[in-house]
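Worksheet: the structure to be examined is printed underneath.
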Amino acid sequence: MRTRLLLGLALLSTGLLAGAFAYGAANLVPTFNAVPLDIRLSFHTELMKMNGITMQAAMGVSIVSSLALTAVTRGRTRLLAGGAGLLALTSLLVTRFGNVPINSRIKDWAHGSAPVDHTEILRRWEIFNDIRTAAAVVAFALLIFSALRTPARD
């Protein structure tokens with residue numbers, strides 16, 4: 001029962017994380033690029049205020065539940081859960097050390113003016129976003145594969 005609950009929690013949290021990042025990559029980023037820069041900066045700043053708590057929580061629960069699942073399983077399930085946990089950790093680290101510092105700069109730009117090289121900086125943010133999105137989606141896929149391949153056991 002404990003293993004099934006951990007798998008369910010890992011699937012739910014990692015699925016929410018992957019879904020949020022995928023939605024952002026597919027819908028928000030193209031919208032950011034379609035509107036004038038001042039609107040993008042204002043919206044991006046407000047969005048990051050809201051995302052700060054929810055996305056960190058999703059990443060944290062994804063990491064902890066996947067790694068806890070790793071601790072209570074064996075064999076291939078352990079490898080898949082461990083891989084999912086490491087990929088969820090990757091999404092957290094890329095966010096913390098890639099996207100967040102750029103978000104801080106964007107916040108400053110929204111209250112002043114963007115530097116001449118803002119296009120390159122925003123492109124770097126998008127690359128970090130693509131990396132964390134891919135990591136979260138693959139983490140979710142590993143957990144789905146784990147759930148489908150064998151029934152979870154205590």
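Points worth noting:
- Residue 144 vs. criteria among the β-branched types (Val, Ile, Thr) and either in contact with a Cys (Cβ under 9 Å, 6 or more places away or on another chain) or within 25 Å of residue 31 (Cα to Cα) (or both): no
- Hey, residue 9 part of a helix (DSSP H, G or I), aliphatic (A, V, I, L, M), surrounded by 14 or more Cβ atoms within 10 Å (Cβ to Cβ) and at pLDDT below 95 or not: no
- The condition of being aliphatic (A, V, I, L, M) and at pLDDT below 95 holds for only one of 110, 68, 88, that being 110.
- Residue in the range 68-77 that is touching a residue at least 40 places away in the same chain (Cβ under 8 Å) and farther than 16 Å from residue 2 by Cα present: yes
- Looking only at the range 26-67, and only at residues there that are closer than 30 Å to residue 3 by Cβ and of a type in the set (Val, Ile, Thr), the one that is surrounded by the fewest Cβ atoms within 10 Å (Cβ to Cβ): 53
The values are calculated or read from the model by the stated rules, or taken from the named source; none is laboratory data. What you are looking at is a predicted structure, and each value in this text was computed from that prediction instead of being measured. Note: ideal-geometry Cβ built from the backbone for every residue, glycine included; neighbour counts use all protein chains shown.
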